[in-house]
4 protein chains.
Amino acid sequence: MTEKTLHELNSCSKVDFVAALANIFEYSPWIAEKAADNRPFAGVKQLFAAMRKVVEEAAAGQRLALIKAHPDLADKTQRGDLLTAESNAEQNSAGLDRLSEAEYAAFDRVNNAYRAKFGFPYIVCVRRHTKDSILADFEKRLPNDPAAEVTASVAEICKIAALRTDLLVNGPDRLQVHGRLSTHVLDTHSGRPAAGISVELVELSKLSVSRVIARTLTNHDGRTDVPLIAGRPVPIGGYELTFKVGSYFAERGVPMSDPPFLDEIPLRFSVYEPEGHLHVPLLVTPWSYGTYRGS
Amino acid sequence: MTEKTLHELNSCSKVDFVAALANIFEYSPWIAEKAADNRPFAGVKQLFAAMRKVVEEAAAGQRLALIKAHPDLADKTQRGDLLTAESNAEQNSAGLDRLSEAEYAAFDRVNNAYRAKFGFPYIVCVRRHTKDSILADFEKRLPNDPAAEVTASVAEICKIAALRTDLLVNGPDRLQVHGRLSTHVLDTHSGRPAAGISVELVELSKLSVSRVIARTLTNHDGRTDVPLIAGRPVPIGGYELTFKVGSYFAERGVPMSDPPFLDEIPLRFSVYEPEGHLHVPLLVTPWSYGTYRGS
Amino acid sequence: MTEKTLHELNSCSKVDFVAALANIFEYSPWIAEKAADNRPFAGVKQLFAAMRKVVEEAAAGQRLALIKAHPDLADKTQRGDLLTAESNAEQNSAGLDRLSEAEYAAFDRVNNAYRAKFGFPYIVCVRRHTKDSILADFEKRLPNDPAAEVTASVAEICKIAALRTDLLVNGPDRLQVHGRLSTHVLDTHSGRPAAGISVELVELSKLSVSRVIARTLTNHDGRTDVPLIAGRPVPIGGYELTFKVGSYFAERGVPMSDPPFLDEIPLRFSVYEPEGHLHVPLLVTPWSYGTYRGS
Amino acid sequence: MTEKTLHELNSCSKVDFVAALANIFEYSPWIAEKAADNRPFAGVKQLFAAMRKVVEEAAAGQRLALIKAHPDLADKTQRGDLLTAESNAEQNSAGLDRLSEAEYAAFDRVNNAYRAKFGFPYIVCVRRHTKDSILADFEKRLPNDPAAEVTASVAEICKIAALRTDLLVNGPDRLQVHGRLSTHVLDTHSGRPAAGISVELVELSKLSVSRVIARTLTNHDGRTDVPLIAGRPVPIGGYELTFKVGSYFAERGVPMSDPPFLDEIPLRFSVYEPEGHLHVPLLVTPWSYGTYRGS
């Protein structure tokens, strides 16, 4: 899909409108088709609300068909032609295209157990998740009854659709689908922001290897020039931020022990609101530090 | 060597005195022999001071012979009969009997480079060190000139001897050769010590795998029933203490995010004074924590 | 009353026993008289428990008589001969002998309102209170019904009696009637206890002037040589601890702003458990500080 | 003086220019007269730099005349007609129009001692000061030699002039003559900004009574809707911020002691850079709190 302006979507033919939005909901152009009758839309929020209303008011059979139109997660056999381009990109964002054999096995077990119980694929908005949190979500949902899972699946489908809409439609307003992860280092030994501190962000994985998400330096204000994560949901999961404070203080001639009591400080925390702003600051001296969920 | 009381050492024959203390200084009974003339000793401190004085007043050739009487660190070929029992036990304490091939290679390089430059073995009081800090110490000492290294080697030999004396001689006083590492968890969410928190202490290694030193629970006062390390020098090196705070707060019904913002908190720090008391407390809520070099 | 050993009380005549303990309960020797039959007592706790049991098992009329035997708080007209020496000393401990006119008026109002409603004097264990907390306690109790106030009064009388017993009887054990207030200053700028810091403790008063309870210096361990309050209950009420950190850092040549960002740091807190140990530490750099309810 | 745009000052007659800027430097229109030759000015910074250059290049006698054109601080006899309107307003900003008798006496002593030694009045940019810091500044400057005081006086005169220029001239740019004092309350018990906390800012005075500068509430982000001080220099001196955290936690049903361990928390600090941004946050639970010089 190529980006469209809201104006274009408001003024084009119905056929073009449906074509443009066909895959906002996986292989389900009938949703855009019904929503088209409400044109013109004042904003992207109204456009998305109209499509969501079509889904909510659809007959039970239609909703089930929508669910069944979705692929299995991390299914090698469906890669390539069988997935929409959107699905492929989304699964890659969570690293589902880079699974180890052990991870494939775990996801396969999940998918099969879920499909065996409910008769439809396990659906989750993967851009809001890490591999670990997808498996945790699965564990939580598998004991549900079918009605609860239909509701949960539709809710996930709407989150996927909101993110696709945000990517596709350029309008005067934005859907609230992005979050932010930021940090700030205060040097409370000298009473000023800590500039030039090396910062590394790692996404932790219980299943396999953790991976570095960002490497940067703090600027003159003790912050990073750009947030550690922004412009997208911050995936639910475990993270570790590491700050190289030993070399920072050494370069400033601060008296320290040998080896320094504090050298690389890890802050380990979890993200739980992908659309929220999570601020994780560090207050530090060569002999103490602290952190908190900031705002 | 079997433990002796100071009284026994003060009242036995000179031959028995020398036999008992023969290996306080590696393969160098002449030191005990000279020190014997100063009997009786009022305390273990006086006994040790007398032996140290013999070393300090020895001729340069004798001091060099003392140095050369020591084994190479981590030398496979000297294991067994060639080392004193004391040397064997000390090297094992730092894990030098469990070196990986890569580590053996590193230690071999160190020993050979040092011996090639100075003509005598690299000596360090290994009970005060981790494998990492031994290699760091070597890097610091290799550029020295020979006179400085004779002085440094004698100083290390005296530290080794002090620890051996402390193990061997039971007297009314103690040498100050032990350190302590302790922790304390304060739950500042409820304003009381955090009891029942799972704590793990790991000795970090850059060379090879880190190893768990202690696993314990905090007691009703938020402390561990025994210090994490005590009754011996705390080896110089990097450590990581991990506290399972997520399950602690969950068990108390404290409202938390899902997943919890803080679950396992790692504190990473270095020990730099093996004979000192290093206290590393944790102040924690589900949303914040801090630590400092306590006392 | 002069101090007695438990042994003396166990072995003397009944008359002497009653004479010695006559005023443990204000003007009510009948309590000691009945308790005497349980001699000998293994400890002070058993002695006190025996007297408390006499009170608890007394007829309603006797309990009321016990209550009525107590003086009004801070009643000028009862000063001197009409109060037991114990009552006088206790009231003085809370500063009730140094009331301003406004305070007298407040206490008079309290006493009169209480006596008018219940027909007996308002009783509180004043050694566990400040003037402010007595008035707060009164406000809380005045709306009670008479039965609740009889119970509350007897409970207070027992607390008074426990403190008098602790003062009078020297035995192998102690009643748990004392608390402790302590502090500790950690200099997290240099990573060591802060020695030589000037500390002042003030008991706050909403009614009249606050008064200095203690002025001292921290020792080499960052603590005070003796606790700020110990060997007695810590009176419920508001306190302010002030630490002169500006001069401490200036004397150590630490770079600071002019005037220093932090100079005198006040920590304002309330005591709520007179028999507990309240530890109020300070972690401080020239640019930051923190405190917490420690243990 | 009434506000002028830079454009007006660039395009009006020289007579009008001088008239408009006559009192930027107290009773010294010759400065504006010379600076006028450099018109037009690209910005307010260039205009001010031109006037400052005139002062710096003036002959010694002229600089002394400029100094002598200034009034004594807090001189009752010069109030009214003898002071420029600007001087009057500035002295009032520091509370110099509300001096107690004791304060008048202190300022009189200062002025007379200074004038007696140097032969010209003590000059300080009072908008950057509190009464306390003016007296501290005087104590620091009185021991100086005359040359140093001429330099210091001219520097203060230029600070006064910069503030007057900033008030008078409306241009495309601003002089950096304003500072900011702000706060932020993080509730680390619940992991969110503390909204609705009552905050009071008091300017402390050693000489006389302290006065309340601001009373406000924190908003949903834990900040105050407007900074505590902004749009002017933040006067050098001592301050106390008080936060009513007891009622905040009580209203949220948080379990607390009775009375609450923490109720009103005072943070006492000094401002030392009137043109800087001083951020003084509070991290708080019912059992702990901390603050730091933020940014």
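The values are calculated or read from the model by the stated rules, or taken from the named source; none is laboratory data. In this text the structure is predicted, and so the values were computed from the model without any measurement. Every residue, glycine as well, gets a Cβ built from its backbone with ideal geometry; the counts of neighbours run over all protein chains shown. Heavy atoms of the whole protein, side chains included, go into the accessibility calculation; ligands, DNA and RNA do not. Shrake-Rupley method; radii C 1.70, N 1.55, O 1.52, S 1.80 Å.
Screening segment A:32-49 for residues that are crowded, with 18+ Cβ neighbours inside 10 Å and either outside the structural domain of A:Gly61 (by TED's automatic domain parsing) or within 24 Å of the chain's Cα centre (by Cα) (or both) and picking the one that is nearest to A:Glu156 (Cα to Cα) gives A:Phe48.
If you go through segment D:198-212 and pick out every residue that is away from every other protein chain (no Cβ under 14 Å) and either assigned to a loop (DSSP other than H, G, I, E, B) or open to solvent by 10 Å² or more (accessible area, probe 1.4 Å) (or both), you end up with 6.
I need a count of the residues in segment C:56-74 that are among the aliphatic types (A, V, I, L, M) and under 23 Å from the mean Cα position of the chain (by Cα).
Step one: of segment C:56-74, the residues among the aliphatic types (A, V, I, L, M) are C:58-60, C:64-67, C:69, C:73-74.
Adding the requirement that they be under 23 Å from the mean Cα position of the chain (by Cα) leaves C:66-67, C:69, C:73-74.
Counting residues in segment C:56-74 that are among the aliphatic types (A, V, I, L, M) and under 23 Å from the mean Cα position of the chain (by Cα) gives 5.
Of the residues contained in segment C:140-151, one or more are found to be more than 21 Å from C:Leu96 (Cα to Cα) and either touching a His at 6+ places or on another chain (Cβ under 7 Å) or open to solvent by less than 30 Å² (accessible area, probe 1.4 Å) (or both). Identify, please: which residue in segment A:162-204 is acidic (Asp, Glu) and within 20 Å of the chain's Cα centre (by Cα) and is, among those, farthest from A:Trp287 (Cα to Cα)? Looking at the filtered set, the residue picked out is A:Asp166. In this structure, does B:Glu275 turn out to be acidic (Asp, Glu) and surrounded by fewer than 17 Cβ atoms within 10 Å (Cβ to Cβ)? Yes; evaluated as a whole, the condition is true for this residue.
Per this entry, C:Lys68 is counted among residues that are in contact (Cβ under 8 Å) with a residue 40 or more places away in the chain, charged (D, E, K, R) and more than 23 Å from C:Ser270 (Cβ to Cβ). Residues in segment D:152-171 include at least one that is more than 14 Å from every other protein chain (Cβ to nearest Cβ), open to solvent by less than 50 Å² (accessible area, probe 1.4 Å), of a type outside the set (Lys, Arg) and part of a loop (DSSP other than H, G, I, E, B). A single member of D:Pro227, D:Pro255, D:Pro259, D:Pro235 is more than 29 Å from D:Ser100 (Cβ to Cβ), within 17 Å of the chain's Cα centre (by Cα) and of a type outside the set (Ser, Thr, Tyr), and it is D:Pro227.
Could you please find all residues in segment B:220-237 being crowded, with 16+ Cβ neighbours inside 10 Å, away from chain A (no Cβ under 14 Å) and under 18 Å from B:Thr183 (Cβ atoms)? Talk me through it step by step, then tell me what you get.
We begin by selecting, within segment B:220-237, every residue crowded, with 16+ Cβ neighbours inside 10 Å; these are B:222-224, B:227-229, B:232-237.
With away from chain A (no Cβ under 14 Å) added as a condition, the list becomes B:222-224, B:227-229, B:232-233.
Matches in segment B:220-237: B:Gly222, B:Arg223, B:Thr224, B:Pro227, B:Leu228, B:Ile229, B:Arg232.
Screening C:His129, C:His178 for residues that are touching a strand residue (DSSP E or B) at 6+ places or on another chain (Cβ under 7 Å), open to solvent by 30 Å² or more (accessible area, probe 1.4 Å) and more than 21 Å from C:Ile31 (Cα to Cα) leaves exactly one candidate, C:His178. Residue count for segment C:262-295, restricted to those that are more than 7 Å from chain D (Cβ to nearest Cβ) and either at pLDDT 95 or above or assigned to a loop (DSSP other than H, G, I, E, B) (or both): 17. Restricted to segment D:238-261, and to residues there that are within 9 Å of another protein chain (Cβ to nearest Cβ) and in contact with a Ser or Thr (Cβ under 8 Å, 6 or more places away or on another chain), the residue that is most open to solvent (accessible area, probe 1.4 Å) is D:Pro255. Just so you know, in segment C:1-31 the residues that are within 22 Å of the chain's Cα centre (by Cα) and of a type in the set (A, V, I, L, M, F, W, C) include one that is surrounded by the fewest Cβ atoms within 10 Å (Cβ to Cβ), and it is C:Met1.
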